[in-house]
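Just so it is clear, none of the values below were taken in a lab; they were calculated from the coordinates. Just so it is clear, the structure is predicted and the values come from calculations on it, not from any experiment. Positions of Cβ are generated from backbone atoms using ideal geometry, with glycine treated the same way; all protein chains shown enter the neighbour counts.
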Amino acid sequence: MSDISITVQTRAGRECASSGSRWEPIMGYSRAVRSGPFIAVTGTVGVHADGTYSTSLADQTARSLAIIQAAVEGLGGQLSQVIRTRMYVTDVSRWEEVARVHGQVFGEIRPATTIVEVARLIDDAALIEIEADAYVG
């Protein structure tokens with residue numbers, strides 16, 4: 001995770017985390033927002049710092065989860081406090097590749113989760129996008 005940089009600013013009374021994604025300023029969103037004991041992490045694709053993607057669905061899943069972890073921790077939370085994940089994949093028939101990685105990260109935590117197929121994601125090279133919510137109260 002050493003190449004994942006998270007910066008935190010207070011905006012409108014909330015802590016907002018940025019990962020430096022090129023889409024954040026264009027769309028006007030934060031990688032994650034903490035309001036009180038709640039942290040919401042926006043849809044996160046498995047893009048590397050240099051803008052490239054692995055062609056492996058498992059690698060993209062792991063990268064997405066690493067970015068999510070950095071965002072949650074940047075806002076004072078821990079992965080063990082994640083209560084929900086939502087996964088959007090471009091080919092749901094490959095769900096087991098995603099499930100193995102998700103299970104390695106969250107096997108003992110067991111958040112509520114959803115996986116659904118979508119026609120495409122923000123970048124044609126992206127195979128998965130993951131959202132997460134945490135309660136840090």
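For the chain, take the longest principal axis of its alpha carbons; what is the angle in degrees between that and the long axis of helix 95-106, to the nearest 10 within 0 to 90?
40 degrees
Using +1 at the C-beta of Lys and Arg and -1 at the C-beta of Asp and Glu, which of Thr52, Val101, Val8 has the Cα lying farthest in the positive direction of the dipole of the chain?
Val8
How long is the gain from Arg100 to Ala66 if the chain were fully straight, where each residue apart is worth 0.36 nm and the alpha carbon distance is subtracted?
So the chain would gain 10.8 nm between Arg100 and Ala66.
Work out, step by step, the length gained on full extension between Glu24 and Asp59: first 0.36 nm times the residue separation, then minus their alpha carbon distance; give nm to one decimal.
Extra length from Glu24 to Asp59 when fully extended: 10.3 nm.
Could you work out which residue, out of Ile109, Ile68, Ile39, moves most in a Gaussian network model of the chain, that is, has the largest mean-square fluctuation with Cα springs under 10 Å?
Per the Cα network of the chain with a 10 Å cutoff, Ile109 tops the list.
At 0.36 nm per residue, minus the direct Cα-Cα distance, what do Ile109 and Thr7 gain on full extension? Give it in nm, one decimal, please.
That pair, Ile109 and Thr7, stretches by 34.1 nm at full extension.
Taking amide H atoms as placed 1.01 Å from N in the peptide plane, list the residues 5 or more away in sequence, or in a different chain, whose amide H sits under 5 Å from that of Glu117.
Hits under the 5 Å cutoff: Val89.
Could you give me D for the stretch 87-133, from Stokes-Einstein at 10 °C and 1.306 mPa s, where the hydrodynamic radius is the Kirkwood radius over C-alpha pairs? Units µm² s⁻¹, please.
141 µm²/s
Tell me the net charge near Gly46. Cut-off is 11 Å between Cβ atoms, Gly46 excluded, with +1 for each Lys or Arg and -1 for each Asp or Glu.
That works out to -2.
Anyone know which of Arg120, Arg86, Arg63 comes out most mobile in the 10 Å Cα GNM of the chain?
Comparing Arg120, Arg86, Arg63 in a Gaussian network model of the chain, the most mobile one is Arg120.
For a quick size check, give me the Cα extents of the stretch 7-135 along its three principal axes, largest first, whole Å.
If we take the Cα atoms of the stretch 7-135, the spans are 42, 34, 22 Å.
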